[in-house]
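Written out below as structure tokens is the structure these notes cover.
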Amino acid sequence: MVIPRGCATRASVLAWALALAVAPAARADTLRVGPQHELRTPSAAAKVARDGDVVEIEPGVYAGDAAVWTQNALTIRAVGGRAHLRADGAQVEGKAIWVIKGAGTTIDGIEFSGAKVPHRNGAGIRLEGPGLTVRNSYFHDNENGILTGRHLESDIIVEHSEFARNGAGDGQSHNLYVGTVRSFTLRYSYSHRAIVGHNVKSRAIKNYILYNRIADEQDGRASYAIDLPDGGLSFVLGNLIQQGPENDNRTVVAYGAEGYKHLLNELYFVSNTVVNDDPNGARFVLIRPGADAVRLINNLFAGPGEQVVGKGESRSNLRTAKSDFTDPDKLDYRPKARAGGVGKGIDAGSAYGFSLRPAAEYRHPLAMLPRPTSGPLDLGAHQHTQ
């Protein structure tokens, strides 16, 4: 990257990198990767790519291939099917299958599996640069799915992606672990069966966890389904959240568990369906004292346990029976037409310009359906079935 004359400070270099991420260079190239191309592996492309390039990877298994990506404003995508980065012992810098150091990277259609490193925190992706968007990707059987560092100018978006069976089994590694970044958005995604760690963990200043399926299922051993340990301004809206009988922690969702570290710490937990399948009971939502505001509105809770531990404003929430759902044994938690929560939703308003009425619902697998933006609103993450 060429820095304009006079741009010598760290802040100006970062601003220039982010500008490239928003407006890729006009001379960007498309690099094609696959067995019949000159660049046979993604790691070969990582060595020659330039800022703003598009890297297109043919489908197939790329075994034992790992890479460091230093360029800014890269788009790395699979074409014609998913490209599978299977570690088979490979890693870079003792960190991950891919370490991303550039700004404004987009990844689409890539599968990552088998990441392991000596420190037991090997990730499919380790993010060190600011700004990452991940779409249509699959992270499984790694020590961490995605692991990010601290970067206050970083915005992270993950959508239409799956995370399964990630974790080293020590409780310190997770399906998805976002560090202290400016914002984190997770939507239309499926995170399940983390191995002792959390299905979703984020220390972001702002969190938008929207329209996902986050579940232990029957044999998952995750600790928390969602962990927001530092608080922050957090919107948890329209999610199906299920704790299974083999869980490693009775708490399903935790907010501020390690102390509030941000200037603004407010939780808006709205229109979620939260199910506990542990017969020993659960703490559905655990709130550490000291939050600026906590509001739980229009949620459905099913199964034994305490609905809220800690202080928060609760309005129009309902404890319901699993018999009110379409097919709970298959995690189909759409309410039946005569279920108790049908049409009982109230106007939750908005917060900081963000509407608290759900505009969509998760549709398995990795898709979404729009929800009505006016008229009667059902409680929970789904509109009722006819």
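The values are calculated or read from the model by the stated rules, or taken from the named source; none is laboratory data. Source: prediction; values computed, not measured. Every residue, glycine among them, receives a Cβ derived from its backbone with ideal geometry; neighbour counts consider all protein chains shown. Please note that ligands, DNA and RNA were not included when accessible areas were found on the heavy atoms of the full protein model with its side chains. Shrake-Rupley method; radii C 1.70, N 1.55, O 1.52, S 1.80 Å.
Numbers below:
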quantity: The chain: antiparallel DSSP beta bridges as a percent of all, rounded to 5; calculated: 10 percent
quantity: Ranked order, 371, 50 - accessible area, probe 1.4 Å, largest first; calculated: 50, 371
quantity: Among 310, 345, 231, residue whose mean-square fluctuation peaks in a GNM of the chain (springs only between Cα atoms under 10 Å); calculated: 310
quantity: Debye, to nearest 20: dipole size of segment 114-165, +1 on Lys, Arg Cβ, -1 on Asp, Glu Cβ; calculated: 220 debye
quantity: Dipole magnitude (debye, nearest 20) for the chain, charges at Cβ of Lys, Arg, Asp, Glu; calculated: 640 debye
quantity: Loop trypsin sites (Lys or Arg not before Pro), segment 300-366 (other Cβ atoms within 10 Å of the site Cβ: 13 or fewer; DSSP); calculated: 311, 338
quantity: Which of 140, 37, 119 is most accessible, then next, and so on - probe 1.4 Å; calculated: 119, 37, 140
quantity: Restricting segment 70-130 to GluC sites (Glu not before Pro) in coil, as DSSP defines it, with at most 14 other Cβ within 10 Å; calculated: 93
quantity: Charged-residue dipole, Cβ positions (Lys, Arg, Asp, Glu), segment 70-157 about Cα centre, Debye nearest 20; calculated: 80 debye
quantity: Förster-model FRET efficiency, 22 Å R0, residue 258 and residue 322, C-beta, rounded to 0.05; calculated: 0.10
quantity: Per residue, the convex hull volume that the Cα atoms of segment 160-269 enclose (Å³); calculated: 81 Å³
quantity: Highest-first arrangement of 102-110, 40-48, where packing means the average Cβ count within 10 Å; calculated: 102-110, 40-48
quantity: Cα gyration tensor, segment 71-205 - rounded (a/c under 1.5), prolate or oblate; calculated: rounded
quantity: Full-stretch length increase - residue 79, residue 40 - with 0.36 nm per residue and alpha-carbon distance subtracted; calculated: 12.6 nm
quantity: Net charge of neighbours whose Cβ lies under 12 Å from the Cβ of residue 72, counting Lys and Arg as +1 and Asp and Glu as -1; calculated: 0
quantity: Aspartates and glutamates with Cα under 18 Å of residue 322, excluding same-chain neighbours fewer than 8 positions away; calculated: 216, 217, 277, 278, 306, 332, 378
quantity: As computed over segment 232-386, the Cα convex hull volume per residue (Å³); calculated: 118 Å³
quantity: Unsatisfied cross-links (Cα-Cα over 24 Å) in the set 95/261; 201/336; 101/206; calculated: 95/261; 201/336
quantity: Percent accessible area from carbon and sulfur atoms, segment 84-217, protein chains only, probe 1.4 Å; calculated: 43 percent
quantity: Options [x] 21.1, 68; [y] 20.4, 62; [z] 25.7, 85 - which one matches Rg and Dmax of the Cα atoms in Å as calculated here; calculated: [x]
quantity: Vicinal HN-Hα couplings computed from phi for segment 155-170 (Karplus, 6.51 cos²θ - 1.76 cosθ + 1.60; Hz; Gly/Pro x); calculated: 10, 10, 10, 10, 9, 6, 10, 10, 10, 9, 6, 8, x, 8, x, 9
quantity: Overall form of segment 219-320 per C-alpha gyration tensor (a/c, 1.5; a/b vs b/c); calculated: oblate
quantity: Dipole axis of the chain (+1 Lys, Arg; -1 Asp, Glu on Cβ), positive-most option in 99, 62, 39; calculated: 99
quantity: GNM top mover of 304, 130, 376 - the chain, alpha-carbon springs below 10 Å; calculated: 376
quantity: Cβ-based charge dipole, the chain, positive-most Cα from 301, 73, 161; calculated: 73
quantity: Among 183, 154, 323: highest mean-square fluctuation, GNM of the chain, C-alpha pairs under 10 Å; calculated: 323
quantity: Cα principal axis extents for segment 78-156, largest first, Å; calculated: 35, 33, 15
